[in-house]
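Here's the structure, in structure tokens; my notes come after.
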Amino acid sequence: MSCHDPLRAIDEPADAQAVRGVASTTSQLARLLAAQTDACVADASGSGAACWLRTDTWRLFVRPRLGESPNGDEIERFLLPSGATVTAVYDSGERCAWVPFNVDEAYENYVGERWRGGVNTRLLTNRQLRMYYLAKRLIPRRVQLAARRAYTKRLGLPEFPSWPLDDSVSRLLRFYALCLLLGAGAETIPFRWFWPNDFDSALILTHDVESGEGLRLALALADLEEERGFRSSFNVVASEYPVDHGVLRELRERGFEIGLHGLRHDHSLFSSRGAFERQLPALAVAAQSFDARGFRSPSTYRVHDWLGELPVAYDCSVPHSDPYEPSPGGCCSLWPYFIGSLVELPYTLPQDHTLFTVLRNRSIDVWLRQVDAITRRYGLIQCLSHPDRGYLADSEKRGFYAALLDALSERPRLWKPLPYELALWWQERDAGSPADRISYGTIRRGDDGAHASLVPPS
Ligand SMILES: [Zn+2]
């Protein structure tokens with residue numbers, strides 16, 4: 001059924017429990033904001049199919065609740081594909097914010113990449129992926145790159161998510177925060193700040209090691225980072241090339257982290273449910289032998305809902321927004337989130353390969369603009385790069401990376417943990433313990449009135 005079916009003008013909510021009542025504190029969106037309130041927010045899905053709801057600058061993929069909104073002050077109006085509108089209102093009689101969709105469904109449809117149901121998807125089929133990996137082995141890299149550039153140019157950027165920055169989750173979060181303010185009848189509401197103490201934003205540096213030579217070259221990249229006071233993770237493929245455990249040991253001893261980059265550098269892990277389940281025991285053995293607590297899928301290929309079953313504490317395969325991968329898409333989020341008990345750490349900067357090889361940028365302007373944009377939103381900056389030849393082993397590209405590190409080292413309110421430390425923090429924040437590491441930001445009415453501002457701890 002279409003979400004704008006005229007026969008459904010009066011739409012029964014799919015989840016009547018959620019229509020009236022206190023905002024859920026267990027939903028993923030509520031856990032992201034962790035607001036200290038029991039505000040009344042009445043949100044519920046409609047019973048039709050999901051579709052895009054739009055404002056001038058924002059879109060979300062949900063099952064809208066059709067029909068009349070209660071009387072009240074308009075919070076935000078959303079346009080449906082049919083041209084009709086639905087409205088979020090503050091019902092002053094009931095002292096409740098009324099939302100014509102389920103806010104958590106909107107959030108989950110972003111981060112779980114279920115928005116793909118509403119766009120013309122470019123996902124490659126299994127057969128195309130097999131050809132892609134075969135071509136990667138057989139065709140000279142120069143020819144591959146020319147083909148990839150032509151392909152990218154022909155298709156242009158997708159309509160969703162925006163690249164390099166997609167504001168969807170940030171907008172939803174601030175919309176939800178405003179609904180809480182109204183539903184609580186409050187001027188301000190405290191919420192658990194995103195990062196420990198009073199850091200504004202967080203940075204993790206991660207590398208995927210594509211070859212045995214890349215693993216040797218990892219040491220030079222580690223030097224470059226260590227000289228500037230940074231540590232990072234190196235994700236290693238278990239059975240693609242000989243793994244020098246001496247190098248892994250040295251990296252660990254110097255404070256770097258080793259993660260797992262699959263058993264083989266191909267799409268086999270996610271090619272079928274059977275293949276996934278067959279590889280899990282070997283992945284667990286490999287993770288143990290590398291002392292790896294994190295995972296990145298080869299070429300970021302993924303089936304989102306299976307990631308939570310990986311035998312690691314965190315995954316970092318999902319981009320914030322990346323149209324340049326064989327699995328294009330993204331979670332649209334600048335913050336970590338949970339897939340079951342696993343913490344997903346989205347990468348949020350364009351990859352080194354995208355910027356310097358595919359797009360042939362000759363500066364780090366895109367990286368720096370993205371860093372500034374994420375910092376303004378108090379999000380997670382995650383840079384994904386590679387130590388191999390053709391990547392940061394090339395002197396010009398290594399120079400770009402060094403310039404990025406130099407720029408980042410000048411930001412005192414940027415938290416720079418290892419990825420597994422950040423994943424651990426995200427679990428602690430979610431649990432609200434230990435209390436002495438958690439500080440509180442403030443939700444207050446934004447200047448535009450239409451959204452809330454998230455103010456850092458003072
Ligand atoms: Zn890789």
Checklist entry - Can you give the calculated 222 nm mean residue ellipticity of the chain, where each DSSP H run of n ≥ 4 adds -39,500 (n - 2.57) and the sum is split over every residue, rounded to the nearest 500 deg cm²/dmol? => result -10000 deg cm²/dmol
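Residue 92: net charge of surrounding residues, Cβ under 13 Å, Lys/Arg +1, Asp/Glu -1, itself excluded? Walk me through the intermediate numbers first.
Working: positive: 95; negative: 73, 74, 91, 94.
Net charge around residue 92: -3.
Where does each of 166-175, 191-200 land if you order them by average Cβ count within 10 Å, highest first?
Values: 166-175: 21.8, 191-200: 19.6.
Those peptides, ordered most packed to least, come out 166-175, 191-200.
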Checklist entry - Hey, how much of the P(r) for region 266-412 falls beyond 19 Å, as a percent of Cα pairs? => result 57 percent
Checklist outcome for this item: Quick calc: nm separation of the 7 Å Cα→Cβ label points for residue 410 and residue 198 -> 2.3 nm
Checklist outcome for this item: If the label point sits 7 Å along Cα→Cβ of residue 152, residues of region 308-332 with amide N under 15 Å come out as 321-329
Item to check | For residue 75, residues with placed amide H under 5 Å, excluding near neighbours | outcome: 88, 89, 90
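In the neighborhood of residue 308, defined by Cβ-to-Cβ distances under 12 Å, what is the net charge if each Lys or Arg adds +1 and each Asp or Glu adds -1? Let's see the in-between values first.
On the way: positive: 302; negative: 305, 309, 315, 344.
That works out to -3.
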Checklist entry - Pairing the Cα long axis of helix 365-376 with the longest principal axis of the chain, what angle in degrees results, from 0 to 90 and rounded to the nearest 10? => result 40 degrees
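Under the classification rounded if a/c is under 1.5, otherwise prolate if a/b is larger than b/c and oblate if not, where does the chain fall, given a ≥ b ≥ c as square roots of the Cα gyration tensor eigenvalues?
Prolate shape, in that a/c is at least 1.5 and a/b is the bigger ratio.
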Item to check | Radius 9 Å from Cβ of residue 55, net charge of other residues (Lys, Arg +1; Asp, Glu -1) | outcome: +2
Next on the checklist: Helix 419-431 against the longest principal axis of the chain: what's the angle in degrees, Cα atoms only, rounded to the nearest 10?
Outcome noted: 20 degrees
Item to check | Alpha-carbon centroids, region 149-171 and region 362-377: separation in whole Å | outcome: 16 Å
Checklist entry - How long are the three semi-axes of the equivalent ellipsoid for region 31-180, computed from the Cα gyration tensor as the root of 5 times each eigenvalue, in whole Å, largest first? => result 40, 16, 13
Checklist outcome for this item: In the chain the DSSP beta bridges are antiparallel at a rate, in percent to nearest 5, of 55 percent
Item to check | Rule-of-thumb Rg ratio for region 248-346 [Cα; 2.2 N^0.38 Å; N residues] | outcome: 1.06
Next on the checklist: Using the basic label-point model (7 angstrom from Cα toward the beta carbon), what is the residue 138 to residue 366 distance in nanometres?
Outcome noted: 3.0 nm
Checklist entry - Between residue 359 and residue 403, what is the spin-label point distance in nm, taking each point 7 Å from the Cα along the Cα→C-beta axis? => result 1.4 nm
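Taken together, the values in this text are just the output of simple stated rules run on the coordinates, not laboratory data. Keep in mind the model is a prediction, meaning the values are calculated, not measured. So basically every Cβ, Gly included, is an ideal-geometry build from the backbone, and we count neighbours across all protein chains shown.
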